[in-house]
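Remarks on the structure that follows.
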Amino acid sequence: MLLSCKNVRKVFGDHVILDGLGLDVAEHEVVALIGASGSGKSTLLRCVNLLTEIDDGTIHLDGDEITDPQADPDVVRQRIGLVFQSYNLFPHMTVLDNITLAPVRVHKRPPAEAKAQAMQWLDRVGLAGKAGAYPDRLSGGQQQRVAIVRALVNNPRLLLLDEVTSALDPELVGEVLTMIRELKGEGMTMVLATHEMGFARQVADRVAFLDGGRVLEQGPPAQVLGDPVEARTRQFLARIIEAGRL
Amino acid sequence: MTYSPSPRQQERIAYRRGRAVRSVLLAAASTAVVGTLLAVGITGAPGWTRVKESFFDPDTAVEYLPAILEGLWLNLRLLVVCASLALALGLLVAVLRTLRGPVFFPVRVLATGYTYSFRGLPLIIVIYLFAFGIPGLRLQGTPDVLVLGAGAIIVTYGAYLAEVFRAGIESVHPSQIAAARSLGLSYRQAMRHVVLPQAVRRVAPPLLNDTVALQKDVGLISLAGPIDAIRAAQIGVAQEADFTPYIVAGVLFVLLALPLIAVTDGVTLRAARRQNAGN
């Protein structure tokens, strides 16, 4: 297993967000996390990236326990990419500087090499013309694609995507989803939290429904989204259909 | 297809032009009235002739201009040194106050205590303490009074600037730090490359404003002895029993401040525009 979460517990005050959650992700696998707001999708991703400390359980990456208090979180994060709902690009840096910051400062790559690699990526996603622009000159979809590139240039073993299309206007969602589909084609291992059931169905190998701080039901998209076993899953999907999002 | 304004739009344009002309005429008229009132009020005052003689005497002004200019040169050098060092000190203290973890507890306490006490202490008292207290210790290698006085200004302004920097650091959204850390940057790297550049940009206008205030306050160093522009003017006033040297020094201070004030306004305007442009 590339990623293995066992018995993960996370509590905020009196509120139990994750309650003994278990989730395994194999290499090259794409897992979509679905569930109501507050079901712990984003919290789980932040825990895996060690931005939030877990209150019990273990998380292993490539067989190493990353939740070992003696593990260096900076080193762990170098192997995991995280893309946020609100892009979180650095507004005082150009697109190119946003992308090359970590390769140059963290991975100590020569700036020229990092820049060449960044340009290659930008060219691939059709944003080479924006290399010198600041993030506020870009559309939401463009910013999110830059944010994904920024995570990818560190060659992460695992990419975490946290509601990456939720802040986008509907007509801009497509360009980001296309990019993620291409990454899947290249074998990138991904865990994505999403509200887009259609996208989960298309791109995920497995869909995991989070409820009550656990994975209540998981399986192939067609089964979980089309013929769920659990009553709670059916209720959740019924509400989604009502809202016109399936 | 060529566009020509509709008759209704042409009416609107004509109406707006009429209003604009009216505003300009009104502004000119009110300026003339206010200006006349001021001129009549001041020059018509019973004591005007005496004030004119003892505050605006051209001969005295010319006589003391070189001495005051020489003093101003000291002010200018002090301003550059004090402003750079106070900015550096303020930034350092602000960063120290953000450090988390038990190891840094004493550092945090010291930094916090410093900003609390030196923002409360009047600058004049700090100058006296530094310039007269420290030499009183009779330690080997005690620096010049000028250096000690400059130190007092730096330490006092450093405390104000530290708070401005801290406000800037706290205004950077936590998601920026999360993004930096998720890329593998250490706390230090995130601070250095992501938080501080944004923080400094945001607080540039208040920082520059404090620098303008500092420009005037460097003159207080004359309390410790060195002859700056104000002290040079004071000497002139004492010798001539005429206040003109003060006016000369005042005008020079304003001239010195103008470029800095212009830069401050420019930076503030740019910052405001950037804010309005949205993220």
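The table below gives the values:
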quantity: Some residue of the range A:81-90 being hydrophobic (A, V, I, L, M, F, W, C), within 26 Å of A:ALA167 (Cα to Cα) and more than 15 Å from the chain's Cα centre (by Cα); calculated: yes
quantity: Residue within the range B:180-197 that is within 14 Å of chain A (Cβ to nearest Cβ), crowded, with 20+ Cβ neighbours inside 10 Å, within 15 Å of the chain's Cα centre (by Cα) and in a helix (DSSP H, G or I) present; calculated: no
quantity: Residue that is farthest from the other protein chains (Cβ to nearest Cβ), among those in the range B:140-179 that are among the polar types (S, T, N, Q) and within 26 Å of the chain's Cα centre (by Cα); calculated: B:THR156
quantity: A:GLY174, sole failed condition from (1) under 17 Å from A:ARG46 (Cβ atoms); (2) out of contact with any helix residue (DSSP H, G or I) (no Cβ under 7 Å at 6 or more places or on another chain); (3) not charged (D, E, K, R); calculated: (1)
quantity: Matching residues in the range B:221-251 - criterion: being farther than 19 Å from B:PHE56 by Cα and either in contact with a strand residue (DSSP E or B) (Cβ under 9 Å, 6 or more places away or on another chain) or not acidic (Asp, Glu) (or both); calculated: B:ILE221, B:SER222, B:LEU223, B:ALA224, B:GLY225, B:PRO226, B:ILE227
quantity: The one condition in (1) buried (at least 22 other Cβ atoms within 10 Å of the Cβ); (2) at the interface with chain B (Cβ under 10 Å from one of its Cβ atoms); (3) closer than 21 Å to B:PRO174 by Cα that A:VAL95 fails to fulfil; calculated: (2)
quantity: Number of the condition not met by A:VAL75 [criteria: (1) β-branched (Val, Ile, Thr); (2) more than 8 Å from chain B (Cβ to nearest Cβ); (3) part of a helix (DSSP H, G or I)]; calculated: (2)
quantity: Hits in the range A:56-93 (condition: farther than 24 Å from A:VAL149 by Cβ, touching a strand residue (DSSP E or B) at 6+ places or on another chain (Cβ under 9 Å) and charged (D, E, K, R)); calculated: A:ASP56, A:GLU65, A:ASP68
quantity: Residues that are of a type in the set (A, V, I, L, M), touching a residue at least 40 places away in the same chain (Cβ under 8 Å) and in contact with a Pro (Cβ under 9 Å, 6 or more places away or on another chain), drawn from the range B:183-238; calculated: B:ALA232, B:ALA233, B:ILE235
quantity: Condition check for A:MET179: in contact with a strand residue (DSSP E or B) (Cβ under 9 Å, 6 or more places away or on another chain) and of a type outside the set (Asp, Glu); calculated: no
quantity: B:SER175 vs. criteria out of contact with any strand residue (DSSP E or B) (no Cβ under 8 Å at 6 or more places or on another chain) and among the polar types (S, T, N, Q); calculated: yes
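All of the numbers you see were taken from the coordinates with simple rules; none came from a lab. Computed from a predicted model, the values in this text were never measured in an experiment. All Cβ positions, even for glycine, are placed from backbone atoms using ideal geometry, and neighbour counts span all protein chains on display.
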